[in-house]
Amino acid sequence: MAQMEIGAKEESRQFSLARLQTWVRGAEALLGPIVQIGNDGTQTAGTFDVNNPANPSSPIRSVVKITTTGNVPVGATKLCEGWVFVSGVLQRVIVYRPAA
Amino acid sequence: MTEVIRRTFRRLDRLLFSSVFLHLILVVFLILSLAGCASFSGMPEPVIATAEAVHIPAEFMPREALRRYHAADDSERNGMTPREWRNAVVLVRMGAADARYHEFRINLSREVRGANFGIESTVLGLAGLATVSGEGTANALAAAIAALTGARASLSREVYFERTLPALIAGMEVSRLEIATRVLAGLGRPAAAYPLEVALLDALAYERAPSLDQAIQLVTADAAQEAARARQIYNNVTNQLGVIEEADLPTAEGIRNGLNLLENQAAGGDVTIAAAATAAIDQIVDELGLSVASTASAGEKINAVRIRTLTMTSAERQQFVEAMRGRGVQLWN
């Protein structure tokens, strides 16, 4: 499984939660499913599973939520969890794929 | 023999259960505990008593010191130049601040260690007593232990938690050292460059530097930074990607799918398909102007292409998809 680490540019520290989710969805579309999310001290970063056989043409888009428990909604698939910048503040978020 | 011991303990239990005797035991324990506190300190006593060390002669008090500092005649300053006078005034003041700080440290150490040690001893003693007592006495003693344990917790909070005390003291030392460095540098300068008025203000700051409140702020800030570092899982992420808007997601997915397909075909078992895929990959690498070693594997070349697509604009990605489609690469399943 080949993986690629990338950072989010365009002042990603100030991303709103919605903007962060758009970034994750874009990176998944271009590279593959997200497997890890976090930060490098200055920017939000993620690891993506490139050349994953998952069908990208009709994906269920991932959702990013701020969390305190790490729990995902019933039926959803937890993809990863980590500390990222949301509106300039380090927040614990969870990334999951909702049930079909 | 066992019966004799049992009877003895029953008598002892009755005796212990009498509230007068119980109170007497508690008082004795507390007195012993407090007596232990008196000599429990984490620092040596100063050679010169604090009361003596903080005594500043009247001529060194600010108003009088400043009057003499500005006097035209050195005789007003016991024969010293203004610079020498300034240095003497400030160093005496800092020496007094040091003495006060040392006293503060001793008291802080004594209060935290002594109080905790004393109460700990009492709790241990009462707990030991409770184990050899009857149920009634044990309950009464358990209540006393609980009260003392609560007192210890409360005391620890009041005197700023024992475990972080070293960090707090280190914080205070840092503040003192910073100001002391500034003052000592100033004392090496001429009187006009570092007048006594400014030096006295710095000396006052030095006096006030060892504040637990400030130290807590310092330690808390350090802890927050430490926590942030602990939350950081990436280092030196070199590849970056901007936001791909929702409308451009199909294009991005086409690129991803096409590159994955080429990579898999190049590594597949069908020689003809693998050769065609390898040729297509080389052509893409050339068209994008990527510097990839000719000996690189198909996967390495595709990764170089993937990295290049991260920095493409929306229009460039669209053109790239069209180029791949024109080359006959399957972009969508």
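The numbers here are math on the coordinates, done by the rules we state, and not lab data. In this text, all values refer to a predicted model and were calculated from it rather than measured experimentally. For neighbour counting, all protein chains shown are included, and Cβ atoms are generated from backbone atoms with ideal geometry for every residue, glycine included.
Observations
- Rounded to 0.05, the FRET efficiency of the B:Ile233 and A:Ala2 pair, given R0 = 22 Å and the Cβ-Cβ distance, is 0.70.
- FRET efficiency, 1/(1 + (r/R0)^6) with R0 22 Å, evaluated for B:Asp222 and A:Ser87 via beta carbons: 0.35
- Where labels lie 7 Å past Cα in the beta-carbon direction, separation of B:Asn78 and B:Glu316 in nm: 7.6
- Per-residue average of Cβ from other chains inside 10 Å of A:18-30: 5
- Amide proton proximity set for B:Gln240, modelled H, under 5 Å, gap of 5+: A:Gly7
- The residue list A:Thr47, A:Gly32, A:Pro59 was ranked by how far each Cα lies along the charge dipole of the range A:3-97 toward its positive end, using unit charges on Cβ atoms, and A:Pro59 comes out on top.
- Taking the fewest neighbouring Cβ atoms within 10 Å as the starting point, the ordered list for A:Lys9, B:Lys301 is A:Lys9, B:Lys301.
- Between the beta carbons of B:Glu246 and A:Ala100, assuming R0 = 22 Å, the FRET efficiency works out to 0.70 to the nearest 0.05.
- Each of B:Val305, B:Val92 was scored by other Cβ atoms within 10 Å of its Cβ. Arranged with the fewest first, they read B:Val92, B:Val305.
- Proximal charge balance of A:Leu90 [Cβ under 14 Å; K/R count +1, D/E count -1]: +1
- Scalar couplings 3J(HN,Hα) for the range B:275-283, obtained by applying the Karplus form with A = 6.51, B = -1.76, C = 1.60 to θ = phi - 60°, are 5, 5, 5, 4, 5, 5, 5, 4, 5 Hz; x denotes Gly and Pro.
- Peptide B:254-267, shielding by other chains (average Cβ, 10 Å cutoff): 3
- Within the range A:3-97: Cβ-based charge dipole about Cα centre, in debye rounded to nearest 20 (Lys, Arg +1; Asp, Glu -1): 300
- Each label was represented as a point 7 Å from its Cα along the Cα-to-Cβ direction; for B:Leu288 and A:Gln14 these points are 3.0 nm apart.
- Arranged from fewest to most other beta-carbon atoms within 10 Å of their beta carbon, B:Leu241, B:Leu168 become B:Leu168, B:Leu241.
- Peptide A:37-50, shielding by other chains (average Cβ, 10 Å cutoff): 4
- A simple rule links phi to the HN-Hα coupling: the Karplus curve 6.51 cos²θ - 1.76 cosθ + 1.60 with θ = phi - 60°, which for the range B:203-214 gives 5, 5, 4, 4, 5, 8, 4, x, 9, 4, 4, 5 Hz, with x for Gly and Pro.
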